[in-house]
1. What's the total number of residues in region 274-318 that are within 18 Å of Leu123 (Cα to Cα) and not hydrophobic (A, V, I, L, M, F, W, C)?
2. Is there any pair linking a residue in region 39-65 that is polar (S, T, N, Q) to one that is open to solvent by 40 Å² or more (accessible area, probe 1.4 Å), with Cβ under 7 Å and at least six apart or on different chains, and which?
3. Which residues, taken from region 299-323, are under 19 Å from Ser158 (Cβ atoms) and crowded, with 19+ Cβ neighbours inside 10 Å?
4. Any chance you could count how many residues in region 36-50 are buried (at least 21 other Cβ atoms within 10 Å of the Cβ) and of a type outside the set (A, V, I, L, M, F, W, C)?
5. What pairs come up if the first residue lies in region 111-129 and is surrounded by 12 or more Cβ atoms within 10 Å (Cβ to Cβ), the second is acidic (Asp, Glu) and not in a loop (DSSP other than H, G, I, E, B), and their beta carbons are under 8 Å apart, counting only those six or more places apart or on different chains?
6. Does region 81-99 hold any residues that are farther than 23 Å from Ser64 by Cβ and open to solvent by 40 Å² or more (accessible area, probe 1.4 Å), and which are they?
7. What's the total number of residues in region 130-144 that are open to solvent by 50 Å² or more (accessible area, probe 1.4 Å) and either at pLDDT below 95 or farther than 20 Å from Trp293 by Cβ (or both)?
Amino acid sequence: MALNRTFTLNTGAKIPAVGFGTWQAAPHEVEKAVEIALKTGYRHIDCAAIYRNENEVGLGIKKSGVKREDLFITGKLWNTKHRPDDVENALNKTLEDLGTDYVDLFLMHWPCAFAPGNKFFPLDSNGVFQLDDVNASVTWKAMEALLETKKVRAIGVSNFNVRRLESLLSTCSIVPAANQIEKHPYLQQPELADFCKKKGILIEAYSPLGNNQTGEPRTVDDAKVHEVAKRLGKDPGQVLVSWGVQTGHVVLPKSVTASRIASNFQDFEIPAEEMADLNTLKRHKRFNFPMRWGFDIFDEAGEEAVKKAAKDAGEENKMKFVV
């Protein structure tokens, strides 16, 4: 039985600890998946413009019959909309697609700005991503102004490391309510977690089970995770969801399979011994790092390496990123 735990944002608002992720969910799958999730008991839906399925998410919400005031909905500002004049229009498009007049949380999806325009992935003639020289603090100021419109209840960031947060905090008027990052036993990021906790910024974990972006075994496939799950009589996905909540952050599992959607929602208290076992899996393993953008997002690759990756991926980008 789900514990239905919540965390409290620095705004005072309650946010359900287990949310439903909609990344990598195909448009025609996500509508039904959202409907199933809400009927299962989820009350937190995590969305983003770049997922290109917000309209279907909105339809799923409508079909579920759950009242808007009973939901916590997150939206995200995409990289091509970082210029201040584009921020509110981007939010308006999200609201229109979702069929709501506000979101509970609106995040800056990445600290990286792309050239503005209608293409999600602007490329130059060589297939290299076109970046824009807009500092995240400038975009943040425009996001702060959104609070006055009542179209957002809270604002936050995503994929920000300690250095980028420190830079933002040095100029902002409003401290981000959340920082959504990749987090699971393979990628625990204790320094970032401690920093966010001290600053009153709640961490949300995407890919809490790992993912198959790289074709490598996911965290949920790890033998130790399966061993712990067997010992506790639980599903490996339930173990990782529960590990995240017990560690102190929101988790956003994603599935389009009804049984998996239901299973992931059944969080539970993990005994101390099993928590310690799971914590030994720490290896700073990222499944999500779009190096081909040519931007050193996490300050881990180096400028030279990301620029080379961006150039090397040019021809493939022309085929892969056409929207």
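The values are calculated or read from the model by the stated rules, or taken from the named source; none is laboratory data. All of these numbers come straight from a predicted model, not from anything done at the bench. Don't worry about glycine lacking a Cβ; one is built from the backbone with ideal geometry, like all the others, and counts go over all protein chains shown. These area figures cover heavy atoms from the full protein model, side chains too; ligands, DNA and RNA do not enter into them. Shrake-Rupley method; radii C 1.70, N 1.55, O 1.52, S 1.80 Å.
1. Quick first cut of region 274-318, residues within 18 Å of Leu123 (Cα to Cα) only: 290-296, 306-318.
If we keep only those that are not hydrophobic (A, V, I, L, M, F, W, C) as well, we get 290, 292, 294, 296, 307-308, 311-312, 314-318.
Residues meeting the conditions: 13.
2. What qualifies is Asn53/Pro27; Ser64/Lys39.
3. Quick first cut of region 299-323, residues under 19 Å from Ser158 (Cβ atoms) only: 299-301, 306.
Result: Val306, single match.
4. Residues in region 36-50 being buried (at least 21 other Cβ atoms within 10 Å of the Cβ) and of a type outside the set (A, V, I, L, M, F, W, C): 3 in total.
5. Here the result reads Pro116/Asp86; Gly127/Glu315; Gly127/Glu316, each pair linking region 111-129 to a residue that is acidic (Asp, Glu) and not in a loop (DSSP other than H, G, I, E, B).
6. Lys81, Arg83, Pro84, Asp85, Asp86, Glu88, Asn89, Asn92
7. 1
Residues are listed down the side, and each one gets a yes or a no for (1) surrounded by fewer than 23 Cβ atoms within 10 Å (Cβ to Cβ); (2) farther than 30 Å from Glu56 by Cα; (3) modelled with pLDDT under 95; (4) of a type in the set (Lys, Arg):
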site: Gly200; (1), (2), (3), (4): yes, yes, no, no
site: Lys234; (1), (2), (3), (4): yes, yes, no, yes
site: Ser242; (1), (2), (3), (4): no, no, no, no
site: Leu252; (1), (2), (3), (4): no, no, no, no
site: Ser255; (1), (2), (3), (4): yes, no, yes, no
site: Ala258; (1), (2), (3), (4): yes, no, no, no
